[in-house]
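The values are calculated or read from the model by the stated rules, or taken from the named source; none is laboratory data. This structure is a prediction, so every number in the text was calculated from the model and none was measured. FYI the Cβ positions are ideal-geometry reconstructions off the backbone, even for glycines, and counts take in every protein chain you see. Calculation scope for accessible area: heavy atoms of the full protein, side chains included, ligands and nucleic acids excluded. Shrake-Rupley method; radii C 1.70, N 1.55, O 1.52, S 1.80 Å.
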Amino acid sequence: MAERIHPGDSPPSSGEHSNSKPAPPSSDKPIPQPGTYVVQIPKDQVYRVPPPDNSRRYAHLSKSKSSRSTCCRCCCCLLTTILSLLLAAAIAAAVIYFVLKPEAPNYSVESVAIKGFNLTSPSPLSPEFDVTVRADNGNDKIGIYYKKGSSVNVYYQDINLCNGALPVFYQPTNNVTLFKTALKGSGIELTAASLRSISNYQNKGTVPFTLKLRAPVKIKAGSVKTWKITVKVTCKITVDKLTASSKIVSKDCDYGVDLW
């Protein structure tokens, strides 16, 4: 029987047995299958020398992380500085409070003399109010400078009847000062309803007015003076009649301060 010979197979040489196997390859390395490739790259080059695209991306990411880190450090420093300043201000305020023991001054209206309030005349009014204000500074270590630019106004409901200003003076510690101010108005036209309302209040002996006082002051503690602070006083007063001999029936004053 003839033997089947595959293409590529060398014919058996004479003297060899027909079923003898070819000798294995002499190389010790494995032979890859057809269509596959093995590429060997040193390990240090794989991790330390990235391709150009990856290198640019790595540099961009490293720069972004560095920028974020710098921004975070700046924010932390700024926040720390602000908190330190607030803490220092709070400590200073506490020390000043416990050393000086400041008290708010008390204000009240002591007397009011009214002129030029003729309710029967059809012509515009020119009311005049001579007001005496009492300022009580009960502080042991704080004086008050009353500066220029003050204002005192008297209102009936929402109608500004007259205005004036406080004198400029210094009020020392533990001092009570009575200062008089002349308030004048001119050309005040009241409606018929307002005239009837004031007349009815006068018949009852309880005419209500509102006095608003605004005064720029400086506080003096020892040799230190503060910036200008605006003192705001609003007093609701009731008088028995609209004459120079009028008397205050009731009064209620509120006090406030604008620090800036």
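A few notes on this one:
- For ASN163: the one exception among (1) open to solvent by less than 50 Å² (accessible area, probe 1.4 Å); (2) within 19 Å of SER111 (Cβ to Cβ); (3) not β-branched (Val, Ile, Thr): (1)
- Residue check, VAL109 open to solvent by less than 30 Å² (accessible area, probe 1.4 Å), assigned to a strand (DSSP E or B), touching a Lys or Arg at 6+ places or on another chain (Cβ under 7 Å) and in contact (Cβ under 8 Å) with a residue 12 or more places away in the chain: yes
- Complete set of residues in the stretch 166-187 that are open to solvent by 80 Å² or more (accessible area, probe 1.4 Å) and in a strand (DSSP E or B): TYR170, LEU178, LYS180, LYS184
- Any hit, the stretch 117-129, residues being more than 35 Å from the chain's Cα centre (by Cα), modelled with pLDDT of 95 or more, surrounded by 14 or more Cβ atoms within 10 Å (Cβ to Cβ) and part of a strand (DSSP E or B): yes
- For the stretch 130-141, a tally of residues being assigned to a loop (DSSP other than H, G, I, E, B) and open to solvent by less than 60 Å² (accessible area, probe 1.4 Å) returns 2.
- Scanning the stretch 227-234 turns up no residue that is over 32 Å from the mean Cα position of the chain (by Cα), of a type in the set (Ser, Thr, Tyr), at pLDDT 95 or above and open to solvent by less than 80 Å² (accessible area, probe 1.4 Å).
- Residue count for the stretch 233-253, restricted to those that are closer than 22 Å to ALA104 by Cβ and among the basic types (Lys, Arg): 2
- Residue selected from the stretch 142-160 under the condition closer than 18 Å to ALA113 by Cα and among the aliphatic types (A, V, I, L, M), by the criterion surrounded by the most Cβ atoms within 10 Å (Cβ to Cβ): VAL154
- In the stretch 188-205, the condition of being within 25 Å of TYR146 (Cα to Cα), touching a strand residue (DSSP E or B) at 6+ places or on another chain (Cβ under 6 Å) and open to solvent by 30 Å² or more (accessible area, probe 1.4 Å) is met by no residue.
- When each of VAL217, VAL224 is tested for being loosely packed, with under 13 Cβ neighbours inside 10 Å and within 36 Å of the chain's Cα centre (by Cα), the lone residue that passes is VAL224.
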